[in-house]
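Report on the structure given below.
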Amino acid sequence: LPPPPQTSAPSGSHDIDYEIFGQEMQFVEITLDPQEACIAEAGSFFYMDPGIEMQTIFGDGSGQEGSGIMGKLFSAGKRVLTGESLFMTLFANTRGSGRQKLAFAAPYPGSIIPIDLRALGGTMICQKDAFLCAAKGVSIGIAFQRKLGAGFFGGEGFILQKLEGDGKAFVHACGAVVERELKAGEVLRLDTGCLVAMEPRIGYDIQMVSGIKTALFGGEGLFFATLTGPGKVWLQSLPFSRLASRVFAAVGPAGGRKGEEGSVLGGLGGLFMGDR
């Protein structure tokens, strides 16, 4: 008898193709085969071919919480805990033949990081506002901080996002992105807002800056994050909170003073230019 036909192992997530465009303001273009789909956060949609259909869904649509209304409510409730909306948008190629393209754009200047969850053991931890889009079947859940110090002083609270599945996901970061592979026992210290994503095996803790003068007058805050290997981490050079605080400080409560821009006299020049 002839040998039985070889079949590929089933996959829980759709196998999507993608390409990332741009430098400082990036977007990812995803190509969907017939009946393939992807999910995305509200507000990240850029463009799509006419064969793509949009559908608003509860939670992430991964189906990992069981069937029925309770499973959907549980999936959506996880997103509420991370500060996200109850709903996500599903984009599906409903045509019987032909590939269709669609694109998603990052909400602020920076980079888009592609993550292959299957190659990374099926789980990734990231900031709760870093997720952009993913293949249908990827679950967007929550990860609780196990240490009180990281929860109280980490800048992200006790809850981070947890991406699970065997498909591709995309997260965005502000500024330049650095990928580091930490060896077993290797320690990396960084600003708490500069962490974008990490493997779950990475040890994460918060430590206080040593020295009272450094803590009070150093200008870098009282705490920094400590990552301990082994595992991969992704860092961003410019946390969005830092960018927003600089913009707010420059604008000021009265809407800013344009006379100070480019003036060698700074604030004193405003007195002579009539801006104060």
**Report entry** Every residue from the range 20-41 that is in a loop (DSSP other than H, G, I, E, B) and open to solvent by 80 Å² or more (accessible area, probe 1.4 Å)
**Finding:** GLN23, GLU24, GLN35
Query raised in the report: Looking at this structure, is GLY83 in contact with an Asp or Glu (Cβ under 9 Å, 6 or more places away or on another chain), modelled with pLDDT under 90 and not in a loop (DSSP other than H, G, I, E, B)?
Result: no
Query raised in the report: Out of (1) of a type in the set (A, V, I, L, M, F, W, C); (2) at pLDDT below 80; (3) open to solvent by 30 Å² or more (accessible area, probe 1.4 Å); (4) under 27 Å from ILE112 (Cβ atoms), what's the single condition that is false for PHE153?
Result: (4)
Query raised in the report: Of the numbered conditions (1) among the polar types (S, T, N, Q); (2) under 26 Å from GLY231 (Cα atoms); (3) modelled with pLDDT under 80, SER111 satisfies every one except a single condition; which is it?
Result: (3)
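Quick one: in the range 208-237, which of the residues that are over 23 Å from GLY110 (Cβ atoms) and surrounded by 14 or more Cβ atoms within 10 Å (Cβ to Cβ) is modelled with the lowest pLDDT?
Top of the filtered list is ALA215.
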**Report entry** Residue count, the range 166-189 (criterion: part of a loop (DSSP other than H, G, I, E, B) and open to solvent by less than 70 Å² (accessible area, probe 1.4 Å))
**Finding:** 6
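The values are calculated or read from the model by the stated rules, or taken from the named source; none is laboratory data. These numbers were taken from a predicted model, which means no experiment stands behind them. Note: ideal-geometry Cβ built from the backbone for every residue, glycine included; neighbour counts use all protein chains shown. Just so you know, the surface numbers come from the protein's heavy atoms only, side chains and all, with ligands and any DNA or RNA stripped out. Shrake-Rupley method; radii C 1.70, N 1.55, O 1.52, S 1.80 Å.
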